[in-house]
Structures are given as C-alpha cells and as structure tokens.
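In what follows, a single structure is set out as structure tokens and then discussed.
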Amino acid sequence: MARQARAIQTRRTILEAAGEVFDERGYDAATIAEILGRAGVTKGALYFHFTSKEDLARGVLGEALTTEGVLPQDSKLQEWVDVGMVLAHRLPQEPLLRASITLSADQHARALLGTSWPGWIDYLADMLQQAKDQGELLPHIDPQETSALFVGAWTGVEVVNSAIGGGRLETKIAALYDHVLPGMAVPGVLGRLDTAADRGARMWRAHRRSGGTDAPATGG
C-alpha cells in the first residue's frame with residue numbers, strides 16, 4: 001500500500017510539473033528534460049508512468065475535467081453556474097488546469113491530442129438537462145447547444161483575459177453568467193441564482209472545510 005501511495009504521488013508530481021512546463025512553453029517547446037527538472041524525479045520514474053511527451057500531454061488533458069469544489073445544490077442551474085465559478089477560482093492557482101487550455105488552444109497540439117472540450121460540453125449539457133427537467137430553464141433552451149456555446153464563451157473569456165491582463169478571471173466569468181442567464185432561466189429561478197464574483201472562492205473554502213475530495217466529471 002505504501003508503494004502504491006508513493007507511485008500515485010510520483011505520478012501526480014510529474015503531471016503537475018508537466019502542467020507548469022506546457023502552460024509556460026506550449027506543447028512544441030516543452031521538453032522532457034525540463035519536466036524532469038521541475039518534477040525532481042528520475043527519467044526511469046517518469047517513463048514508468050508516461051511513455052512519451054505526447055502521453056504526458058494526454059495525462060495533463062485527462063486532469064482537466066474536474067468538478068472538485070462543486071457542492072450539490074437543490075438548483076441544478078446553480079450547480080451548473082458553480083462549475084464555471086469554481087473553475088475560474090482554481091485556474092489562476094493551478095498550472096495543471098491552465099495547461100489543459102494552453103494545449104487545447106494550440107492548433108498543433110489540438111490536432112495531435114484532441115481537447116477536453118467535448119467532455120465538458122457533454123457534462124454541462126447533462127446538468128442543464130436536469131435543470132430543464134426541474135423546470136428551471138426556459139422552454140426554448142437546448143441543453144447540448146447551450147453547453148457547446150457556453151464552453152466556447154468561457155474558454156474565450158479566459159484566453160482573452162489572460163492575453164490582455166484583464167484582471168481577475170472570476171470577475172469576468174461572473175459577468176459572463178450575468179449576460180447569458182437571463183436568456184436561459186425562468187424568472188423565479190433567475191432571481192435566486194448566486195453569480196457573485198466570489199462564489200467560486202466560497203464554494204472552494206466550503207469544500208476544503210468539509211475535507212472533500214475530487215469528484216471528476218464524467219462527460220465523454
């Protein structure tokens with residue numbers, strides 16, 4: 001058991017180091033040597049877990065689809081909001097998460113590796129379908145179409161905000177929700193939704209206090 005725990009920790013250390021390097025350098029410029037140096041592990045340890053730089057990048061993308069910090073809510077639409085707000089809170093602090101966007105936005109890496117976007121779209125569409133079944137959404141809302149548009153908008157806000165130094169991502173994502181939700185939610189639900197810029201931070205603190213662990217999303 002101790003050996004297994006060490007192996008899990010070593011793999012995580014390598015992934016976090018790879019995330020830092022991919023986030024800073026991009027896929028093409030990143031090297032195994034730099035990742036080894038950041039991780040502080042031997043080449044043998046790295047290749048025990050990952051066969052190549054491509055395999056490492058796929059491992060980084062595999063960490064992208066996470067809902068850690070999102071707590072269950074009676075309102076599925078509020079929970080849908082919380083996914084984006086918690087991610088906006090975590091992203092600036094976690095290079096491993098940022099790297100998934102860096103890799104997905106890179107045309108060469110995207111052609112080679114694919115992206116985490118289809119999984120996010122499917123996961124969020126399922127949440128919206130549950131919200132619609134609960135009567136929280138306007139009749140014309142198509143969960144799959146809306147989720148695809150929203151994933152594109154969320155990613156675009158992050159990329160542009162990062163490029164121009166536009167301030168706190170949480171503030172920008174809160175503004176995005178405030179723009180899109182009036183066209184989605186029934187009035188009685190809309191007035192109860194919490195889209196404050198600190199929503200993600202509050203959810204994250206509550207999650208940490210509860211001793212919660214990662215609950216990975218299960219979209220395709």
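Any read-out appearing in this document is the output of simple, stated calculations on the displayed coordinates, not a laboratory observation. As the structure is a computational prediction, the values presented were derived from the model and not from experiment. Counting neighbours? That spans all protein chains shown, and the Cβs are built from the backbone with ideal geometry, glycine included.
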Counting all Cα-Cα pairs in region 41-151, those more than 20 Å apart amount in percent to 50 percent
Report the far tail of the P(r) of region 109-206, meaning the percent of Cα-Cα pairs longer than 16 Å. 64 percent
Cα radius of gyration and Dmax for region 138-186 (Å): 12.2, 38
Cβ charges +1 (Lys, Arg) and -1 (Asp, Glu), total dipole of region 113-206, debye: 360 debye
Under Stokes-Einstein, with the Kirkwood radius over Cα pairs standing in for Rh, what whole-number D in µm²/s applies to region 96-145 at 4 °C and 1.567 mPa s? 104 µm²/s
Viscosity 1.567 mPa s, temperature 4 °C: give me the Stokes-Einstein translational D for the chain in µm²/s, with Rh taken as the Kirkwood radius over C-alpha pairs. 70 µm²/s
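Calculate, for V186 and R58, the FRET efficiency according to 1/(1 + (r/R0)^6) with r their C-beta to C-beta distance and R0 41 Å; round to the nearest 0.05. Don't skip to the answer; put the middle values down first.
On the way: r = 41 Å, r/R0 = 0.99.
My answer for the efficiency is 0.50.
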In the neighborhood of H108, defined by Cβ-to-Cβ distances under 12 Å, what is the net charge if each Lys or Arg adds +1 and each Asp or Glu adds -1? -2
Theoretical FRET efficiency, 1/(1+(r/R0)^6), r = Cβ-Cβ of H179 and L138, R0 22 Å, to 0.05: 0.90
Cross-link partners of K132 among aspartates and glutamates (Cα-Cα below 14 Å; sequence separation of 8 or more within a chain): D74, E79, D142, E145
For A185, the residues 5 or more places away or on another chain with a placed amide H closer than 5 Å to its own amide H are L138
Give the calculated FRET efficiency between T171 and R208 to the nearest 0.05, with a Förster radius of 25 Å applied to their Cβ-Cβ distance. 0.70
